[in-house]
Amino acid sequence: MQQEVKSTMVGLLQNVCEGNGYHPLEYEVEPVFLRALLSLRPEHTPSEVAQRIKGVLSRRLKQEHPDAFPTVTDGKVWGDGYFCRSVGKARKDVVEGYITEQAEHHGYTAETLRQMRYRFETPAPTQPIDICYHIVWETQHHAPLFSPEVTDRLVEVLREEASKDGGALRRATFLPDHVHLSARTLAKTSPKALAERLMTAGWEWMTEHYEGSLKFENAWNVWELSAYVGTMGEVTTDHVRNSLRAAS
């Protein structure tokens, strides 16, 4: 890749990220690929981000460097598809271990609380896309709503909802007043949409089956209105950042 084209691509990448609210943590431009480590907003979907970056860079590069892309590529800048994996401050196995050990982490010793943790086997991704989130909700007013009798059924509701867009629930641990989840999803789903869908499914089920408990605890909403959603992956953000820096 000519240095002039490479410089143009870097500038275009920075512009499209700034214009759309993507935060580039690190990137590498090579003759045959572009690799970028991005921090996104909760409403962003990875598929839309990838398509927008590819589309804008393709159009502008061909405008500014019309002779840079030979006929052997039919004038195309990019190949079909893309690679996308989530990463986070900690590796996925570490986060999921933390999720599983929530009762001990909070100092609970009752055996019933250890019964409110669930692990589901999910197949390895068959596409070059693997996106996983750690989700945490608190009950409204920290009401103690959960027991094994409740969560054995509620977790199946959440599991079914997570699977509707091709995703999967991997881990779930309930404490009396909050829940930790690990979920895999497709690139077309934003973390905001995933968390809201699961919260709504849980709220609908709880109001249908445990109206009396919600009334007693004055927790009609079931959940507090906010949630924590963090990304995680096979490696950490720092690992990818350092790899890109070393290669550039």
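Taking the criterion of being closer than 23 Å to GLY230 by Cα and aliphatic (A, V, I, L, M), the residues of the range 27-52 that qualify are ALA36, LEU37, LEU38, LEU40, VAL49, ALA50.
When you scan the range 79-173 for helices (runs of 4 or more DSSP H) that lie fully inside it, which ones turn up with 3 or more residues that are β-branched (Val, Ile, Thr) and within 26 Å of GLU211 (Cα to Cα)? Full working, then the answer.
Details: elements: 92-100, 102-105, 111-114, 148-163.
Because the criterion is at least 3 residues that are β-branched (Val, Ile, Thr) and within 26 Å of GLU211 (Cα to Cα), the helices (runs of 4 or more DSSP H) in the range 79-173 that meet it are 148-163.
In the range 88-147, what residues are loosely packed, with under 12 Cβ neighbours inside 10 Å, among the β-branched types (Val, Ile, Thr) and more than 27 Å from GLU234 (Cα to Cα)? THR109, the sole residue that qualifies.
Outside the structural domain of LEU181 (by TED's automatic domain parsing), within 18 Å of the chain's Cα centre (by Cα) and closer than 26 Å to SER182 by Cβ - does that describe any residue in the range 96-111? Let's see the steps before the verdict.
Applying the first criterion (outside the structural domain of LEU181 (by TED's automatic domain parsing)) to the range 96-111 yields none.
No.
Beta carbons closer than 7 Å, at least 6 apart along the sequence or on distinct chains, pair a first residue in the range 181-200 that is under 16 Å from ALA50 (Cβ atoms) with a second that is part of a helix (DSSP H, G or I) and of a type in the set (A, V, I, L, M, F, W, C) for THR185/LEU194.
Of the residues in the range 190-210, at least one is out of contact with any strand residue (DSSP E or B) (no Cβ under 8 Å at 6 or more places or on another chain), closer than 25 Å to ALA124 by Cα and either among the small types (Gly, Ala, Ser) or modelled with pLDDT under 95 (or both). If I go through the range 204-224 residue by residue, how many of them are hydroxyl-bearing (Ser, Thr, Tyr) and without any contact (Cβ under 8 Å) to a residue 24 or more places away in the chain? Going through the range 204-224 one residue at a time, the tally reaches 1.
Condition (residue is assigned to a loop (DSSP other than H, G, I, E, B) and over 25 Å from LYS192 (Cα atoms)) applied to the range 12-31: is it met by at least one residue? Yes, the range 12-31 contains a residue that is assigned to a loop (DSSP other than H, G, I, E, B) and over 25 Å from LYS192 (Cα atoms). Restricting the range 210-244 to residues that are under 14 Å from the mean Cα position of the chain (by Cα) and closer than 19 Å to ARG41 by Cβ, the residue that is surrounded by the most Cβ atoms within 10 Å (Cβ to Cβ) is MET232. Can you find a residue that is at negative phi and either assigned by TED's automatic domain parsing to the domain that holds ARG35 or part of a strand (DSSP E or B) (or both) anywhere in the range 205-227? There is at least one residue in the range 205-227 that is at negative phi and either assigned by TED's automatic domain parsing to the domain that holds ARG35 or part of a strand (DSSP E or B) (or both).
Residues of the range 149-173 that are without any contact (Cβ under 8 Å) to a residue 40 or more places away in the chain and aliphatic (A, V, I, L, M): VAL155, ALA162. If you take the residues in the range 69-87 that are modelled with pLDDT under 85 and surrounded by 15 or more Cβ atoms within 10 Å (Cβ to Cβ), which one is nearest to ILE135 (Cα to Cα)? Ranking the candidates gives TRP78 first. Is it the case that the range 61-83 has a residue that's closer than 23 Å to THR236 by Cβ and touching a Leu at 6+ places or on another chain (Cβ under 9 Å)? No, the conditions are met nowhere in the range 61-83.
The values are calculated or read from the model by the stated rules, or taken from the named source; none is laboratory data. Predicted model, so just to flag it, every value in this text is computed and none were measured. Virtual Cβ from ideal backbone geometry, glycine too; neighbours counted across all protein chains shown.
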